[in-house]
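See structure below.
The values are calculated or read from the model by the stated rules, or taken from the named source; none is laboratory data. The structure displayed is predicted, hence computed values, not measured ones. Positions of Cβ are generated from backbone atoms using ideal geometry, with glycine treated the same way; all protein chains shown enter the neighbour counts. Ligands, DNA and RNA are stripped out before the accessible areas are found, and what is left, the full protein with its side chains, is counted by its heavy atoms. Shrake-Rupley method; radii C 1.70, N 1.55, O 1.52, S 1.80 Å.
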Amino acid sequence: MRWRVGAVALAAAMSLGTSPAKAAPPRDDPVAHFLLDRGPIDAAGRPPGAGAEPEGEPSLARRSHERAAGLATQLAAAALQLLGVPYKRGGQSAAQGFDCSGFTRHVFQAALGLVLPRRSHEQAQASSLRTVERAELEPGDMVFFNTLRAAFSHVGIYIGNGQFVHAPQTGAKVRVDNMGSAYWSQRFDGARRARQLPAPAAPPAASPAAAPAASTPAAAGD
């Protein structure tokens, strides 16, 4: 697909801290536009010219902010990787297809390890998410819509620039749409963001050698 080629070239240029070609990416290349909006970064993950970190550990607030920004970008990027997957009612994987809430559930679990409820209206009420105002939207936020004459009956993932990724309806595929269009703007129900992003996995602590434990049968599961 054309957007995949453009995105790969743009991502490579940005990771090296160089500027991509002056020509803007095609309008139908949402991945390239997303990467372009994030701006180039150097090998340390900083914008070019940002300079080295001052001596000493960065503040907890700064580390938390940078980590949140990085994981939010992961969410949006994970959503964009699924463009073109067919819609399937009840679907929760790229192999079988997605419905709207199956798509968002899959992305949040794959990118953050955060397991959301199954239905869109349940996701909107999840205690692990907090309400975000439309003016404060950031890439990775969940955006909800009333498409079935019911609150929070549709959901997608915001990627910036007024656009979101979602699994629309039977016969369609995961795609990018503009929240500013008349249809989506009139049906916008609200947005949510993860309250607390999962902490990085800590390396296992060293422990003294111990005698092998007695083997136990594996528990039965679904």
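Among the GluC sites (Glu not before Pro) found in segment 116-192, those both in a DSSP coil and sparsely packed, with 10 or fewer other Cβ atoms within 10 Å of their Cβ, are 133.
With viscosity set to 0.692 mPa s and temperature to 37 °C, compute the Stokes-Einstein D of segment 155-194, Rh being the Kirkwood radius across alpha carbon pairs; µm²/s, no decimals. Write down the numbers at each step before the final one.
On the way: Rh = 10.8 Å.
Approximately 303 µm²/s, per Stokes-Einstein.
Couplings for segment 142-155, taken from phi via the Karplus curve 6.51 cos²θ - 1.76 cosθ + 1.60 with θ = phi - 60°, read 8, 10, 10, 9, 9, 10, 10, 6, 9, 4, 6, 8, 8, 8 Hz in order; Gly and Pro are left as x.
Express the carbon and sulfur contribution to the solvent-accessible surface of segment 153-196 as a percent, rounded to the nearest whole number, probe 1.4 angstrom.
Values: 740 of 2030 Å².
Here carbon and sulfur together make up 37 percent of the probe-accessible area.
Could you pull out every residue, at least 5 positions away or on a different chain, whose amide H is within less than 5 Å of the one on residue 129? Hs are placed 1.01 Å off N in the peptide plane, and Pro or chain starts have none. Answer set, sorted by chain and number: 195. Across segment 71-86, computed HN-Hα scalar couplings (Karplus, 6.51 cos²θ - 1.76 cosθ + 1.60, θ = phi - 60°) run 6, 4, 5, 4, 4, 5, 5, 5, 5, 5, 5, 9, 4, x, 5, x Hz from first to last residue, x flagging Gly and Pro.
Close amide H partners of residue 190, meaning residues 5 or more places away or on another chain with modelled amide H under 5 Å apart, are 144. Taking all protein chains into account, the per residue accessible area for segment 117-187 stands at 50 Å² (1.4 Å probe).
Amide H to amide H, with H built 1.01 Å from N, residue 163 comes under 5 Å of 179, counting only residues 5 or more places away or on other chains.
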